[in-house]
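Contents: one structure, followed by commentary.
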Amino acid sequence: MSVQPIVELLSKRGVTVEAIAEIVHHLQKPYNPKLSKEACVESVLAVLKKREVQYTLYTGIALDELAEQKLLPQPLQTIMEKDASLYGADETLALGIVHVYGMIGLTSFGYLDKVKMGIIRELNDHSQKIHVFLDDLVAGLAAAASARIAHDHEDEKDFLG
């Protein structure tokens with residue numbers, strides 16, 4: 001599955017693969033000091049190749065865009081406009097991406113959801129656009145790409161001693 005359409009949609013919403021890769025690099029650098037930013041970009045793109053990841057991103061972004069256009073039924077429209085703290089469907093959707101790479105992705109997602117670093121923080125500020133879903137989806141994507149690197153790195157250590 002081509003990543004180009006989803007990369008373009010993310011870009012339209014203000015998110016670049018490089019911005020996600022910066023978060024991945026921050027998460028994995030302490031455990032893998034030789035990790036390059038290019039490897040992080042590659043990992044983000046590998047996660048984005050997964051059909052289920054793309055479908056999840058399309059769904060969440062569509063809901064954000066519909067909320068911006070005030071096209072959602074009530075009370076969902078108000079919930080989205082306020083980014084109600086107990087809504088939780090945004091995190092639930094993002095967990096579909098996180099679970100592609102197991103438990104390490106889940107712990108990284110929890111951390112990113114709390115600290116909201118980099119592009120996640122920018123999306124969460126909701127200055128002009130509604131990003132109720134996208135901030136969590138980007139956190140899920142970064143957590144999955146980070147877990148992918150962690151799994152590969154640990155596999156190398158297991159086999160190389």
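Since every read-out is calculated from the coordinates, none of them should be taken as a lab result. Quantities reported herein were computed from a predicted structural model and do not represent experimental measurements.
Worth a mention:
- Remark: relative contact order (the chain) = 31 percent; criterion is Cα-Cα distance under 8 angstrom and separation of 6 or more residues.
- Within straight-line cross-link reach of Lys82, lysines at Cα separation under 22 Å, skipping those fewer than 8 residues along the same chain: Lys70, Lys114, Lys116, Lys129
- For the chain, calculated [θ]222 nm from helices alone, where every DSSP H run of n ≥ 4 adds -39500 (n - 2.57): -22500 deg cm²/dmol
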